[in-house]
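The numbers here are math on the coordinates, done by the rules we state, and not lab data. In this text the structure is predicted, and so the values were computed from the model without any measurement. Every residue, glycine among them, receives a Cβ derived from its backbone with ideal geometry; neighbour counts consider all protein chains shown.
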Ligand SMILES: [Fe+2]
Ligand SMILES: [Fe+2]
């Protein structure tokens with residue numbers, strides 16, 4: 001019997017393999033958590049999420065019903081209350097869905113979204129930005145994200161899953177790590193000359209070709225098609241959420257000419273325009289689908305799963 005916990009555990013292991021940090025660093029982090037946990041007392045210890053001692057991805061969690069058997073798995077970019085109700089409707093119609101896998105975090109996984117952002121120090125460093133500068137923009141942003149999500153209604157989706165009795169997990173950075181590595185390797189292999197060539201290279205990946213059906217494909221946000229792309233870096237694909245416009249300041253003079261991102265905040269685009277840094281947004285739904293698909297290919301090889309697409313997710317097998 002394959003349970004949701006089995007699929008989750010396997011996914012976390014695969015997420016570690018694809019992580020931009022080396023495994024030793026992750027092991028160290030887990031060791032530190034264990035030491036902190038030992039020292040905890042009272043309520044803090046009692047309510048501590050012990051999954052954190054084994055799973056370094058605080059935004060990738062089983063939300064409800066981990067011990068239940070899974071065969072038919074719904075996969076969606078956002079699985080929230082309304083989607084869980086839809087799943088329940090589908091089951092009433094006889095669809096036979098066993099569990100739900102959402103990409104964007106819900107419940108405790110959303111409350112701790114900020115804690116995965118540290119890995120962006122590593123992706124920035126790999127892109128050639130000095131580590132002191134990377135720390136300087138990632139840490140304050142993570143703190144801002146922590147405060148930003150604090151007020152959200154974290155119990156809502158978990159309670160819906162419980163009431164409707166739908167086993168539920170959200171896997172975020174675990175998937176995004178896959179998309180990040182894939183896109184980085186893909187563009188390196190293609191070595192595009194112009195920004196237009198970068199877009200063409202992205203469109204060779206089937207998830208992005210599919211995204212054209214909804215006019216949400218790759219877009220040049222700053223710069224033009226004929227511009228030479230120069231040094232291309234993939235950023236903002238993994239590590240929680242986007243950084244702020246100060247990222248652009250750090251890129252000026254670091255040798256990076258073109259940023260390929262999943263999505264970019266408005267102020268970052270404005271700043272990039274000012275500083276003549278090219279930004280290409282690959283597209284959010286296709287990029288998230290790509291990461292999920294790469295993970296699912298491995299999960300389907302190991303487990304007997306049937307995938308049902310929902311909520312912005314397009315299944316493409318490789
Ligand atoms: Fe994502
Ligand atoms: Fe996303």
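Where in segment 41-146 are the helices (runs of 4 or more DSSP H), entirely inside, with at least 1 residues that are surrounded by 20 or more Cβ atoms within 10 Å (Cβ to Cβ)? Explain how you work it out, then say what you get.
Details: elements: 42-46, 81-92, 108-111, 119-126.
By residue number, 81-92, 108-111, 119-126.
Has segment 189-201 got any residue that is surrounded by fewer than 16 Cβ atoms within 10 Å (Cβ to Cβ), in contact (Cβ under 8 Å) with a residue 12 or more places away in the chain, more than 16 Å from ligand 2 (Cβ to nearest atom) and under 29 Å from residue 142 (Cβ atoms)?
no
Just one of 221, 237, 303 is crowded, with 17+ Cβ neighbours inside 10 Å and over 15 Å from the mean Cα position of the chain (by Cα); which is it? Working first, answer last.
Working: 237 fails: over 15 Å from the mean Cα position of the chain (by Cα); 303 fails: crowded, with 17+ Cβ neighbours inside 10 Å.
Exactly one residue qualifies, and that residue is 221.
Would you please name the residue that is nearest to ligand 2 (Cβ to nearest atom), looking only at residues in segment 91-130 that are in contact with a strand residue (DSSP E or B) (Cβ under 6 Å, 6 or more places away or on another chain) and more than 20 Å from residue 146 (Cβ to Cβ)?
102
Tell me yes or no: at least one residue of segment 182-201 is within 16 Å of ligand 1 (Cβ to nearest atom), more than 22 Å from residue 105 (Cα to Cα) and part of a loop (DSSP other than H, G, I, E, B).
No: segment 182-201 contains no residue that is within 16 Å of ligand 1 (Cβ to nearest atom), more than 22 Å from residue 105 (Cα to Cα) and part of a loop (DSSP other than H, G, I, E, B).
Specify which of the listed residues (243, 290, 259) is more than 15 Å from ligand 1 (Cβ to nearest atom), crowded, with 23+ Cβ neighbours inside 10 Å and within 30 Å of residue 106 (Cβ to Cβ).
Details: 243 fails: more than 15 Å from ligand 1 (Cβ to nearest atom); 290 fails: more than 15 Å from ligand 1 (Cβ to nearest atom).
One residue alone meets the criteria, 259.
Please work out which one of (1) away from ligand 1 (no atom under 16 Å from the Cβ); (2) under 23 Å from residue 23 (Cβ atoms) is the condition residue 178 fails and give its number.
(1)
In this structure, does residue 161 turn out to be touching a strand residue (DSSP E or B) at 6+ places or on another chain (Cβ under 6 Å), in a helix (DSSP H, G or I) and more than 19 Å from residue 233 (Cα to Cα)?
yes
So, residue 155, is that one more than 16 Å from ligand 2 (Cβ to nearest atom) and surrounded by fewer than 21 Cβ atoms within 10 Å (Cβ to Cβ) or not?
Values: more than 16 Å from ligand 2 (Cβ to nearest atom): yes; surrounded by fewer than 21 Cβ atoms within 10 Å (Cβ to Cβ): yes.
Considered against the rule, which asks whether it is more than 16 Å from ligand 2 (Cβ to nearest atom) and surrounded by fewer than 21 Cβ atoms within 10 Å (Cβ to Cβ), residue 155 comes out as yes.
Out of segment 202-218, which residues are away from ligand 2 (no atom under 16 Å from the Cβ) and touching a strand residue (DSSP E or B) at 6+ places or on another chain (Cβ under 9 Å)?
Of everything in segment 202-218, just one residue is away from ligand 2 (no atom under 16 Å from the Cβ) and touching a strand residue (DSSP E or B) at 6+ places or on another chain (Cβ under 9 Å), namely 202.
Being more than 24 Å from residue 255 (Cβ to Cβ) and buried (at least 24 other Cβ atoms within 10 Å of the Cβ) narrows it down to one of 178, 150, so name that one.
Values: 150 fails: buried (at least 24 other Cβ atoms within 10 Å of the Cβ).
178 is the lone residue from the list that is more than 24 Å from residue 255 (Cβ to Cβ) and buried (at least 24 other Cβ atoms within 10 Å of the Cβ).
Only residues that are in contact with a strand residue (DSSP E or B) (Cβ under 7 Å, 6 or more places away or on another chain) and not in a helix (DSSP H, G or I): list them for segment 2-39, please. Explain how you work it out, then say what you get.
Residues of segment 2-39 that are in contact with a strand residue (DSSP E or B) (Cβ under 7 Å, 6 or more places away or on another chain), as a first pass: 2-5, 8.
The answer is 2, 3.
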